[in-house]
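Working notes, beginning with the structure itself.
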Amino acid sequence: MTLVSLQLPPFSTAAPLAQAALLEGMLEAAWLVDGGSRRILAVNAGAVALLGSSAGQWVGQSVESLASTPEDLLFWQEAAQDSSAQLLSDTLLRHADGQMLWVTRRISFIRDAAASGGGFWLVSVRDQTPQRQAEEEREALVAELQATLESTADGILVVDLAGRIRSFNRRFASLWGIPPDLLRERNDEAVQTWMRRSVVDGAAYMARQAAIQDAALLQSSDVISLLDGRVLERVSLPQFSRGRPIGRVYSYRDLSEKLAASQRIEELAHSDMLTGLPNRRALAERIDHAHAMAKRESAPFALLNVDLDRFKQINDTLGHSYGDRVLREVAERLKACLREVDLVARLGADEFALLIHQADARGAENAARRVQEAMARPFCFDTLSFTVTCSTGIALFPGDGSSADELLGSAEQAMHWVKESGRAAFHFHQPRKDVDLLSRMRLDHAMRQALQEGQFRLHYQPQINLANGQVIGAEALIRWRDPLRGEISPSEFIPVAEESGFIVAIGEWVLHQAVEQAARWLRQGWRMPVAVNVSALQFQQSQFADTVAHALRASGLPPGLLELELTESILLRDAEEALRRLQSLAALGVGMSIDDFGTGYSSLGYLKRFPIQRLKIDRSFVTGLPADASDAGIVNAIIQMGQALRLHVIAEGVETDAQRDFLLRAGCDEFQGYLYAPALGPQEFEERVWRSGNPSSPGGGMRLMGGLLI
């Protein structure tokens, strides 16, 4: 190290060679200060490198230039009176570029009688900035690590290879309920004792803990049950530094809520939320178990499907809260009907199932009677008292099915039979050929394809005025020729369409096709009214009147040339709603008739209010005319009633002259049937009715229909 000194002015004494050599030999940055004048006599290269200033900037300056803190100034003031003062402290020095440096600074006095002031002050400085920066970075890193530990939802415990606690977070203390003072004391034995006393099996816990601690490279995952009922998951991983294990990190997670949620999900997956009964899934598992037991012990069992009758009325009139109370009460009553080994489940809505173990037909019947008796008791809620009946279907193993799905299906079919037969009873399943059900499914699918592929067509059966023989209208009838099956009768596919709801789409197609055909005839100069059958489901559609209006607008057909044939059941299911829809249709100007009249129950009061123009006598009453006295009496009554209500009466299914003559004498207005013609294709209809010179051809006679001149 090179000593930089100054040629001192006359008032100074040059630094002795001994002190100069001392300054030159020092590793730290150093300054030599005159004891009398307290001016800097010399600096070494370390000082120049440390502070970034040249030697010339320092030599000759007052020692106060080295003072960067109040402590330094106070020291030099005291040093003027006391040369024995010394200073060793950490302080800050300013670099030439303005940066502050952390240093350890020592100031001591070197006595020299020949020197001014009796000696020299030696100022030595060691740069601590890199060390302080490293410490700050280490502290920041530790703070970040601690913040990371505190931010995690898991409890973290870090130990060394000997098991001594090195670090932890607050979540760890919270999970284990360890008092903060115990952790602050770093009493590892007390902490381990606390943890051992907190678990259900302390001995097993400590044995596992020792095994983990002894295996420095082991990774483990355990579940720990605490005395307070909570369950913790413990994951342990070795901690490495420079490729060597230095300790272990434990993470603890509370699984209590997760396990409770899983248990709740499992319960919900197997139970009904409203009643607490097992659900369909749980029932299926119990049926499979009963199946296995029955096969092993050769013992049959029974399954009952119980469906409440007209339960929708309770929800609609009393509200869903009362409906829920009824369902809970039903669940309790059904459970009271069973033995402890039996099971009652809720399948959904107002449908329940009872699994009766080791029961033959007699045992199943006894259970069904107990259900009927239990349900016969009135339900009393608040000030209300009412009765809820049920329909019960019974399936027996193994005759009615060998699996849960088959037994449930058989019991449900038997229940529906009870519904259709009047409700409030029970019925055993009667095996049906699966091929029939499969055939209906295939027929339903084929119908839908037929509509898309244009396989349906319309035929038209002429309607004849009995008085003069004129053709005064036509009834549109659907026909279907399947490429593989050939002609399929409407009596075969229409019931399937009504059951599946596809009758609505078919009905709309028939309506548009018939209206378009009548409009086409009208454009050719031939006014031919058409009658279209309307199904109950189609009539109940809220947009039905709009559909009719759209069909008329699209074709340009006058509304008076369209008649809608409705069944009695349509009109009597909800008379007020039916009246509103009939009035909407009447406002369009279309005619309306009641089809198959006499096969249902009709109210004269309703007939008087409804805007109906015609009654159609069902073919079942025409077949026996004139020999069958009952048919003759019914037909005469219908005709007289129609006349009293000023309605036109038309008979269908007329096949003989005798039938026609009887109807004419009785006062019937019109007829249709094979006596004149079957249902014909459009071209055949034109050939038979129009081009054959029928009086109804253009220029021929006209009839008064529904108040409209046609």
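Looking only at residues that are without any contact (Cβ under 8 Å) to a residue 60 or more places away in the chain and touching a Gly at 6+ places or on another chain (Cβ under 7 Å) in the stretch 525-553, which one is nearest to PRO462 (Cα to Cα)? Don't jump to the end; show me each part of the working.
Within the stretch 525-553, the first condition is being without any contact (Cβ under 8 Å) to a residue 60 or more places away in the chain, and the residues that meet it are 532, 534-553.
The next check asks that each one be touching a Gly at 6+ places or on another chain (Cβ under 7 Å); those that pass are 534-535, 537-538.
Details: VAL534: 18, SER535: 21, LEU537: 27, GLN538: 24 Å.
Of everything passing the filter in the stretch 525-553, VAL534 is nearest to PRO462 (Cα to Cα).
Going by the structure shown, is ALA551 of a type outside the set (Ser, Thr, Tyr), part of a helix (DSSP H, G or I), open to solvent by 10 Å² or more (accessible area, probe 1.4 Å) and in contact with a helix residue (DSSP H, G or I) (Cβ under 9 Å, 6 or more places away or on another chain)? Spell out how you get there, then give the answer.
Working: of a type outside the set (Ser, Thr, Tyr): yes; part of a helix (DSSP H, G or I): yes; open to solvent by 10 Å² or more (accessible area, probe 1.4 Å): no; in contact with a helix residue (DSSP H, G or I) (Cβ under 9 Å, 6 or more places away or on another chain): yes.
Spelling it out, it is not the case that ALA551 is of a type outside the set (Ser, Thr, Tyr), part of a helix (DSSP H, G or I), open to solvent by 10 Å² or more (accessible area, probe 1.4 Å) and in contact with a helix residue (DSSP H, G or I) (Cβ under 9 Å, 6 or more places away or on another chain).
At least 1 residues that are out of contact with any strand residue (DSSP E or B) (no Cβ under 7 Å at 6 or more places or on another chain), modelled with pLDDT under 90 and surrounded by 15 or more Cβ atoms within 10 Å (Cβ to Cβ) in each: list the helices (runs of 4 or more DSSP H) lying fully within the stretch 555-626 that qualify.
Numbers: elements: 568-573, 575-588, 604-609, 619-622.
It comes to 568-573, 575-588, 604-609.
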Exception for ARG457 within (1) of a type outside the set (S, T, N, Q); (2) in a loop (DSSP other than H, G, I, E, B); (3) modelled with pLDDT of 95 or more falls at (2)
Identify, by number, the condition in (1) at pLDDT 70 or above; (2) surrounded by 21 or more Cβ atoms within 10 Å (Cβ to Cβ); (3) not acidic (Asp, Glu) that MET26 doesn't meet.
-> (2)
The stretch 450-477: number of residues that are open to solvent by 10 Å² or more (accessible area, probe 1.4 Å) and in contact with a Pro (Cβ under 6 Å, 6 or more places away or on another chain) | 1
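Criterion first (under 30 Å from ALA353 (Cβ atoms) and part of a loop (DSSP other than H, G, I, E, B)) does GLY399 satisfy it?
Here the answer is yes, as GLY399 does meet what is asked.
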Which of the residues belonging to the stretch 39-71 are of a type in the set (D, E, K, R) and farther than 21 Å from ASP97 by Cα?
-> ARG39, GLU71
Of (1) of a type outside the set (D, E, K, R); (2) open to solvent by 10 Å² or more (accessible area, probe 1.4 Å); (3) closer than 30 Å to GLU332 by Cα, ILE394 satisfies all except one. Which?
-> (2)
Just a yes or no: is a residue in the stretch 314-328 modelled with pLDDT under 90, under 27 Å from the mean Cα position of the chain (by Cα) and within 22 Å of ALA411 (Cβ to Cβ)?
-> no
Residue in the stretch 499-519 that is open to solvent by 20 Å² or more (accessible area, probe 1.4 Å), touching a helix residue (DSSP H, G or I) at 6+ places or on another chain (Cβ under 9 Å), in a helix (DSSP H, G or I) and polar (S, T, N, Q) present = yes
Close pairs from the stretch 398-413: first on the phi > 0 side of the Ramachandran plot, partner of a type outside the set (A, V, I, L, M) and not in a loop (DSSP other than H, G, I, E, B), Cβ under 6 Å, at least 6 apart | GLY401/SER410
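The values are calculated or read from the model by the stated rules, or taken from the named source; none is laboratory data. This structure is a prediction, so every number in the text was calculated from the model and none was measured. All Cβ positions, even for glycine, are placed from backbone atoms using ideal geometry, and neighbour counts span all protein chains on display. Only protein heavy atoms, including side chains, enter the accessible area calculation; ligands, DNA and RNA are left aside. Shrake-Rupley method; radii C 1.70, N 1.55, O 1.52, S 1.80 Å.
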